Amino acid sequence: MPFKPQTSLPRILSDLGDTLLELVAGRANATSDLGGITIYDRADELSLAPRAVVLGVGVHDPEEIVSLLRKLGEHDAAALIVRSPVDKTPDLLAAVRTSGVLLLGLTEGASWSHVAAMLRVLLAEDDVGDESPQTLGGMPSGDLFALANAIAALLDAPVTIEDRGFNVLAFSGRQDEGDPSRIETILGRQVPQRFADALNRSGIIGDLYKGNAPVYLTPDETDAEGIRLPRVAVAVKAGDEILGSIWAVVSSPLNAERTQAFVDAAKLVSLHLLRNRVGADVERRVRAELMSTALEGGAAAPEAVARLGLLGQKLVVIALGLVEQEPDQADTIGQARFVAERHRVADALAMHLSAIQSRSAVSLIGDVAYGILPMPGDPVSAEERAARVASAFLARTGSKVPGVIGVGPLATDISGLHRSQTGADRALRVLLSRAVPGAVASIADVQIDALLLELGDMVLARGDEIAGPIARLVKYDAEHSGQLLETLQCWLDAFGDVAAASAKAFVHTNTFRYRLKRVAEVGGIDLSNPDERLALMLQLRLMASGIMRD
């Protein structure tokens with residue numbers, strides 16, 4: 001039977017404990033799997049999966065920690081993480097014992113978002129594929145943390161596995177043996193820019209990527225403060241493609257045996273990274289199919305919702321699109337970049353939603369990134385809360401993501417999920433037509449505009465042209481260089497206020513009244529009839545959008 005690493009508290013402490021986490025109080029249970037990650041917000045209703053790990057962001061006061069521990073114990077939580085240092089009062093220790101919730105401390109200076117991301121890598125909580133992963137080289141496929149620990153044991157040195165952008169994909173234990181630059185790298189999960197610049201200036205990076213042999217670096221070869229211990233690095237390649245590198249903090253150059261082990265380890269890491277890439281593509285396809293099935297409704301929807309882990313929950317669908325215009329069809333590079341941007345945005349949305357609600361699901365379907373967000377608590381405010389989540393995402397991404405998000409109505413059961421998607425799509429279409437990045441709206445906010453767009457679809461489908469009173473006014477203006485159509489538009493926009501309408505048309509009120517009389521005569525219009533006024537306004541709106549032409 002293939003080995004699957006158990007997502008337990010001892011494993012988290014083993015992989016992250018040296019640098020990021022410390023055990024404050026309690027005893028880690030080695031036999032109980034964990035059920036996900038939740039970020040605690042004192043302003044929101046507490047909703048947890050069984051055996052959840054809770055990030056107590058902003059929870060500092062010992063009394064507040066005690067109170068939270070008791071609440072988490074009632075919800076069968078596994079652990080609570082708060083910022084170190086923690087004052088271990090008698091009440092706090094007693095709360096840990098009675099609640100059964102492990103209390104961990106997050107190292108000062110470490111990022112909450114980074115520790116959350118690392119925990120999700122370890123827990124693999126969103127896996128929808130094969131539950132029994134294969135092994136590569138005796139290591140669980142894709143488990144880079146376990147692989148980093150194995151390499152560290154071979155080299156007797158703390159190790160990091162990094163991608164080409166110097167982002168830390170995984171790291172081994174014993175990072176406390178490193179120098180300040182290594183500690184800062186682990187805390188930020190990325191090599192600081194000044195260190196990356198120093199490595200590039202030294203020529204080490206060029207030498208590293210040119211060959212397959214390990215490269216040794218002494219602190220004297222860089223001018224970056226904080227690099228105090230030597231490094232040895234080896235490139236991770238797949239053929240000619242550079243996937244990343246492995247870095248070890250050492251006291252001296254490796255001997256021949258360890259050098260060969262390091263080279264062999266790079267080949268194994270390459271296999272794992274390629275397996276992760278393929279697995280990510282497969283997972284995206286599986287998740288997209290599940291999302292499509294769930295959103296379409298029908299007989300297969302309940303099973304799809306269950307596989308997404310959303311069965312029995314109140315849900316809201318959000319739809320994210322990019323307002324940038326599609327690149328020219330002849331511009332192959334531009335099209336590729338646009339597609340890549342969509343995938344990047346979908347991944348960013350998935351991370352954002354999972355940080356708020358671990359059981360949310362996100363997938364890129366066609367040109368739209370859909371998110372299904374569980375909404376426990378008061379159903380009346382569900383759409384408003386979903387809109388706040390969407391706004392927070394766009395605010396975080398800023399101008400880098402020129403996106404807009406439509407929010408659908410609350411679905412209280414599976415049958416309502418398709419209706420929620422339809423509402424999100426309709427709202428998204430309105431926002432895309434306005435082309436204002438950063439906008440968020442529910443269908444209730446933009447229902448009239450959505451109806452007008454749908455009316456325009458009907459007009460285009462039938463090929464309708466301008467007819468009736470509007471057609472007569474257009475013809476008269478063309479033959480007599482008149483302004484009757486403009487006069488009607490100004491009058492309707494001003495709700496019949498002649499003074500305001502004449503000011504908008506830049507003519508005297510008497511002149512405007514004469515033109516308005518001619519509008520009624522030429523067009524055969526009864527301006528006192530509300531039905532006629534509505535018909536005129538709709539036709540003028542469709543003309544302004546270019547849908548109806550004379």
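The values are calculated or read from the model by the stated rules, or taken from the named source; none is laboratory data. These numbers were taken from a predicted model, which means no experiment stands behind them. Backbone-built Cβ (ideal geometry, glycine too); neighbour counts: all protein chains shown.
Below is a table of values for the structure above.
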{"quantity": "Subset of the range 54-68 (residues that are crowded, with 19+ Cβ neighbours inside 10 Å and closer than 13 Å to Ile356 by Cα)", "calculated": "Val54, Leu55, Gly56"}
{"quantity": "One residue from Gly211, Gly206 being of a type in the set (Gly, Ala, Ser) and within 36 Å of the chain's Cα centre (by Cα)", "calculated": "Gly206"}
{"quantity": "Test: Leu13 is surrounded by 14 or more Cβ atoms within 10 Å (Cβ to Cβ), hydrophobic (A, V, I, L, M, F, W, C) and either modelled with pLDDT of 80 or more or not in a loop (DSSP other than H, G, I, E, B) (or both)", "calculated": "yes"}
{"quantity": "One residue from Ala196, Ala157, Ala146 being modelled with pLDDT of 80 or more, surrounded by 22 or more Cβ atoms within 10 Å (Cβ to Cβ) and of a type in the set (A, V, I, L, M)", "calculated": "Ala157"}
{"quantity": "Set Pro530, Pro437: member being closer than 30 Å to Leu410 by Cβ and of a type outside the set (Val, Ile, Thr)", "calculated": "Pro437"}
{"quantity": "Selection from the range 176-200 of residues that are of a type in the set (A, V, I, L, M) and touching a Phe, Trp or Tyr at 6+ places or on another chain (Cβ under 9 Å)", "calculated": "Ile186, Val191, Ala196, Leu199"}
{"quantity": "Odd one out for Val96 among (1) closer than 22 Å to Ala355 by Cα; (2) of a type in the set (A, V, I, L, M, F, W, C); (3) surrounded by 18 or more Cβ atoms within 10 Å (Cβ to Cβ)", "calculated": "(1)"}
{"quantity": "Options Leu349, Leu373, Leu310, Leu320: the member that is within 20 Å of the chain's Cα centre (by Cα), at pLDDT 85 or above and in a loop (DSSP other than H, G, I, E, B)", "calculated": "Leu310"}
{"quantity": "Condition check for Val86: among the hydrophobic types (A, V, I, L, M, F, W, C), out of contact with any Gly (no Cβ under 9 Å at 6 or more places or on another chain) and not in a strand (DSSP E or B)", "calculated": "no"}
{"quantity": "Residue list for the range 165-193, restricted to those being farther than 14 Å from Ser245 by Cα, without any contact (Cβ under 8 Å) to a residue 60 or more places away in the chain and surrounded by fewer than 16 Cβ atoms within 10 Å (Cβ to Cβ)", "calculated": "Pro180, Gln193"}
{"quantity": "Filter result for the condition that a residue is crowded, with 18+ Cβ neighbours inside 10 Å and free of Cβ contacts under 8 Å to residues at least 24 places away in the same chain, over Ala478, Ala501, Ala494", "calculated": "Ala501"}
{"quantity": "Helices (runs of 4 or more DSSP H) completely within the range 140-208 that count 1 or more residues being within 23 Å of Leu273 (Cα to Cα) and of a type in the set (Lys, Arg)", "calculated": "180-188"}
{"quantity": "Cβ pairs under 6 Å, 6+ apart, first in the range 438-451 and of a type outside the set (Ser, Thr, Tyr), second outside any helix (DSSP H, G or I)", "calculated": "Ala439/Val404; Val440/Ile405"}
{"quantity": "Matching residues, the range 287-307, being more than 21 Å from the chain's Cα centre (by Cα) and among the charged types (D, E, K, R)", "calculated": "Glu296, Glu303"}
{"quantity": "Among the residues listed as Val507, Val519, the single one being in a loop (DSSP other than H, G, I, E, B) and not assigned by TED's automatic domain parsing to the domain that holds Arg426", "calculated": "Val507"}
